[in-house]
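K.L.:
One structure, as structure tokens, below. Some questions next.
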Amino acid sequence: MPDNELQISPAEWQVMRVVWTRGSVTSTELTHLLADSTGWQSATVKTLLRRLVKKGFVATTRHGRAFQYTPLVKERETMEKMADQLFDSLCAHQQGATLAEVVKHVTLSKSDIANLQTILTAKEATAPQEVACNCIGCEHHQTA
């Protein structure tokens, strides 16, 4: 996986979602697929694709006059890494509350909920009473 996972912009995420869904796509196909939701012109899509190639997220191969783009990273693995990096950057004391807010606002299937309940039940067995703040120089979270 590229070293700069967090260096991917929201626009690049939109492109990656299509590349992952399609498995392989040309810039023309991508422009047509994203036109209604984004209004992006071909030049914008090509710029985003060039950035993703440079960052190591997609590969490009030439087929005649067209360039074909394929993912170099797996979707689920990339999303998990991104979530891990986000939560690693948060105050440890606030991670649970942040995760609860995320769960409140995300649409989950019944199987997703059952899976989360299983995970939470297993984690409860070894969970501390309270998670201490891990912020450098922060005292107000220590007793919160």
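The values are calculated or read from the model by the stated rules, or taken from the named source; none is laboratory data. Model, not experiment: these values are computed from the prediction. Cβ sites come from the backbone with ideal geometry, for glycine too, and all protein chains shown count toward neighbours. When the accessible area is computed, the model is the full protein with side chains, heavy atoms only, and any ligands, DNA or RNA have been set aside. Shrake-Rupley method; radii C 1.70, N 1.55, O 1.52, S 1.80 Å.
K.L.:
Quick check, is residue 127 among the aliphatic types (A, V, I, L, M), under 28 Å from residue 23 (Cα atoms), without any contact (Cβ under 8 Å) to a residue 60 or more places away in the chain and open to solvent by less than 80 Å² (accessible area, probe 1.4 Å)? Give the derivation first.
P.N.:
Values: among the aliphatic types (A, V, I, L, M): yes; under 28 Å from residue 23 (Cα atoms): no; without any contact (Cβ under 8 Å) to a residue 60 or more places away in the chain: yes; open to solvent by less than 80 Å² (accessible area, probe 1.4 Å): yes.
The answer is no for residue 127.
Here's the yes/no breakdown for (1) free of Cβ contacts under 8 Å to residues at least 40 places away in the same chain; (2) part of a helix (DSSP H, G or I):
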{"residue": "67", "(1), (2)": "no, no"}
{"residue": "70", "(1), (2)": "no, no"}
{"residue": "77", "(1), (2)": "no, yes"}
{"residue": "83", "(1), (2)": "yes, yes"}
{"residue": "97", "(1), (2)": "yes, yes"}
{"residue": "104", "(1), (2)": "yes, yes"}
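K.L.:
Only one of these conditions is not met by residue 60: (1) modelled with pLDDT of 95 or more; (2) under 20 Å from the mean Cα position of the chain (by Cα); (3) surrounded by 11 or more Cβ atoms within 10 Å (Cβ to Cβ); (4) of a type outside the set (A, V, I, L, M). Which number is it?
P.N.:
Residue 60 satisfies all of (1) modelled with pLDDT of 95 or more; (2) under 20 Å from the mean Cα position of the chain (by Cα); (3) surrounded by 11 or more Cβ atoms within 10 Å (Cβ to Cβ); (4) of a type outside the set (A, V, I, L, M) except (2).
K.L.:
Could you please let me know if residue 116 is at pLDDT 90 or above, of a type in the set (A, V, I, L, M, F, W, C) and either in contact with a Gly (Cβ under 9 Å, 6 or more places away or on another chain) or open to solvent by 70 Å² or more (accessible area, probe 1.4 Å) (or both)?
P.N.:
Numbers: at pLDDT 90 or above: yes; of a type in the set (A, V, I, L, M, F, W, C): yes; either in contact with a Gly (Cβ under 9 Å, 6 or more places away or on another chain) or open to solvent by 70 Å² or more (accessible area, probe 1.4 Å) (or both): no.
Criteria not met by residue 116.
K.L.:
Identify all residues within the stretch 33-45 that are exposed (fewer than 13 other Cβ atoms within 10 Å of the Cβ) and part of a helix (DSSP H, G or I); write none if there are none.
P.N.:
Taking the stretch 33-45 first, the residues exposed (fewer than 13 other Cβ atoms within 10 Å of the Cβ) are 36-37, 39, 41, 43.
The answer is 36, 37, 43.
K.L.:
Considering every residue within the stretch 112-128, establish whether at least one is within 24 Å of residue 12 (Cα to Cα) and not hydroxyl-bearing (Ser, Thr, Tyr).
P.N.:
So in the stretch 112-128, the residues within 24 Å of residue 12 (Cα to Cα) come out as none.
Scanning the stretch 112-128, I find no residue that is within 24 Å of residue 12 (Cα to Cα) and not hydroxyl-bearing (Ser, Thr, Tyr), so the answer is no.
K.L.:
If residue 52 meets every condition in (1) open to solvent by 70 Å² or more (accessible area, probe 1.4 Å); (2) at pLDDT 95 or above; (3) in a helix (DSSP H, G or I) apart from one, which number is that one?
P.N.:
Here residue 52 clears every test but (1).
K.L.:
Could you please give the count of residues in the stretch 63-101 that are hydroxyl-bearing (Ser, Thr, Tyr), out of contact with any Leu (no Cβ under 7 Å at 6 or more places or on another chain), at pLDDT 90 or above and closer than 30 Å to residue 134 by Cβ?
P.N.:
Just the residues of the stretch 63-101 that are hydroxyl-bearing (Ser, Thr, Tyr), to begin with: 69-70, 78, 89, 98.
Now restrict to residues that are out of contact with any Leu (no Cβ under 7 Å at 6 or more places or on another chain): 70, 78, 89.
Pick out the ones that are also at pLDDT 90 or above and you get 70, 78.
Retained after the next criterion (residues that are closer than 30 Å to residue 134 by Cβ): 78.
Qualifying residue count, the stretch 63-101: 1.
K.L.:
Out of all the residues in the stretch 4-32, which are open to solvent by 80 Å² or more (accessible area, probe 1.4 Å) and modelled with pLDDT of 95 or more?
P.N.:
Initial filter on the stretch 4-32 (open to solvent by 80 Å² or more (accessible area, probe 1.4 Å)): 6-7, 10, 17, 21-22, 28, 32.
Listed by number, the residues that qualify are 17, 21, 22.
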